[in-house]
1. Taking the chain as the reference, fit the longest principal axis to its C-alpha atoms, fit the long axis of helix 63-89 to the helix C-alpha atoms, and give the angle between the two in degrees, 0 to 90, nearest 10.
2. Let me confirm the definition first: pairs of Lys residues in the chain, 8 or more apart or on different chains, C-alpha distance under 13 Å. How many are there?
3. So for the pair residue 32, residue 15, with labels modelled 7 Å out along Cα→Cβ, what separation do we get in nm?
4. Given only helices, namely DSSP H runs of n ≥ 4 each adding -39500 (n - 2.57), what is the per-residue ellipticity at 222 nm of the chain, to the nearest 500 deg cm²/dmol?
5. If you stretched the chain out fully between residue 23 and residue 2, how much longer would it get, using 0.36 nm times the residue separation minus the C-alpha to C-alpha distance?
6. Relative to the Cα centre, what is the charge dipole magnitude of the chain, using +1 at the beta carbon of each Lys and Arg, -1 at the beta carbon of each Asp and Glu, and rounding to the nearest 20 debye?
7. Tell me which residues come under 5 Å, amide H to amide H, from residue 38 once H is placed; ignore anything under 5 positions away on its chain.
8. Tally Lys/Arg at +1 and Asp/Glu at -1 over every other residue whose Cβ is under 15 Å from the Cβ of residue 58; what's the total?
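The values are calculated or read from the model by the stated rules, or taken from the named source; none is laboratory data. These figures come from a predicted structure and were not determined experimentally. Quick reminder, even Gly has a Cβ in these numbers, built from the backbone with ideal geometry, and neighbours come from all protein chains shown. These accessible areas exclude ligands, DNA and RNA; they are computed on the full protein's heavy atoms, side chains included. Shrake-Rupley method; radii C 1.70, N 1.55, O 1.52, S 1.80 Å.
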Amino acid sequence: MKYNFYLKSPNAKNETPIFIRFSLNGKYYKYYTKKKIHPCFWNLDTQRPYTNRKNLSNFNLNALERLNLKNLQVHLNNLEGHILSYMHQKDFS
């Protein structure tokens, strides 16, 4: 199974929904995570939000905003874990 996280509108000027796209037995599926992020906080390489100070230093974010980005990353990691666990249980690997 292959999967990737994407932004619905990676060039948006405002927050945009995050979805996961995965293939299973040759079919592609898309699941919206019900989470949004501004594209400037999204790392295309890791398919996760930026969370370290170096990448966020150009933005004037308060502690709550930085915490929200970290929580979003945890949410996406948990979602990934649930999908992989389900696939392992169903032996779809």
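1. Roughly 10 degrees between the two axes.
2. Taking the chain as the scope, the lysine pair count is 8.
3. Spacing of the two 7 Å Cα→Cβ label points: 1.4 nm.
4. That comes out to -11000 deg cm²/dmol.
5. 7.0 nm
6. Computed charge dipole of the chain: roughly 160 debye.
7. 16
8. On the way: positive: 53, 54, 66; negative: 65.
Net local charge, residue 58 excluded: +2.
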